[in-house]
Amino acid sequence: MSGDVGRVERLAAAVRAQEGRCVWCGRAFGALVPATTDHLVPRTKGGPSWPENEVAACRRCNAERGHTSPADWADECARRGWPVDLELVRTALERLEEAVERRGGARRARPYLRGQLRRVR
């Protein structure tokens, strides 16, 4: 039960930090556009469920992105004319890199994370 509360709190913090908008398409969250937790480094690539790996995305963007890398999805969003917040993505990836160094673990995520940082810098 407490894990669920933590997840809800982390999502609420991400929504506040992003001023209530999807990191990818910029739509405002609300009843018709619910916020979801999007892992920048997907769980399938070893991405941890840490706040540093989580951003708020609308359900559409989260579902369409799937396991696409953050850099590739940012390129797709830009192609679609969406105001992707690339600075926020880069900052979040840098925070995740620092957290991985500090906490350890997430070994599978490290090469993926380094590659994504190179692409968004």
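The values are calculated or read from the model by the stated rules, or taken from the named source; none is laboratory data. From a predicted model like this one, the values you see are computed outputs, not experimental measurements. So basically every Cβ, Gly included, is an ideal-geometry build from the backbone, and we count neighbours across all protein chains shown. Accessible surface areas use protein heavy atoms only, side chains included; no ligands, DNA or RNA. Shrake-Rupley method; radii C 1.70, N 1.55, O 1.52, S 1.80 Å.
General remarks:
- Members of segment 20-34 found to be of a type in the set (Val, Ile, Thr) and more than 12 Å from residue 73 (Cβ to Cβ), listed by number: 33
- Among (1) in contact with a strand residue (DSSP E or B) (Cβ under 9 Å, 6 or more places away or on another chain); (2) modelled with pLDDT under 95 - the single one residue 61 does not satisfy: (2)
- Within segment 25-60, the residues that satisfy the criterion of being out of contact with any Asp or Glu (no Cβ under 8 Å at 6 or more places or on another chain) and among the aliphatic types (A, V, I, L, M) are 28, 31, 32, 33, 35, 41.
- Scanning segment 25-65 for residues that are of a type outside the set (Gly, Ala, Ser), open to solvent by less than 40 Å² (accessible area, probe 1.4 Å), touching a residue at least 40 places away in the same chain (Cβ under 8 Å) and more than 12 Å from residue 92 (Cβ to Cβ) yields a count of 3.
- Residue list for segment 66-88, restricted to those being surrounded by 21 or more Cβ atoms within 10 Å (Cβ to Cβ) and in a helix (DSSP H, G or I): 70, 73, 74, 77
- Subset of segment 104-120 [closer than 18 Å to residue 91 by Cβ and either open to solvent by 40 Å² or more (accessible area, probe 1.4 Å) or of a type outside the set (A, V, I, L, M) (or both)]: 112, 114, 115, 116, 118, 119
- Looking across segment 1-59, the residues that are farther than 24 Å from residue 105 by Cβ, of a type outside the set (Gly, Ala, Ser), assigned to a strand (DSSP E or B) and in contact with a helix residue (DSSP H, G or I) (Cβ under 9 Å, 6 or more places away or on another chain) come down to 21, 36.
- Where a residue in segment 1-20 is under 10 Å from residue 51 (Cα atoms) and at pLDDT below 90 and its partner, wherever it lies, is of a type in the set (Asp, Glu) and open to solvent by 100 Å² or more (accessible area, probe 1.4 Å), with Cβ under 7 Å and at least six apart: none
- The residue of segment 93-102 that is surrounded by the most Cβ atoms within 10 Å (Cβ to Cβ), among those that are in contact (Cβ under 8 Å) with a residue 12 or more places away in the chain and charged (D, E, K, R), is 97.
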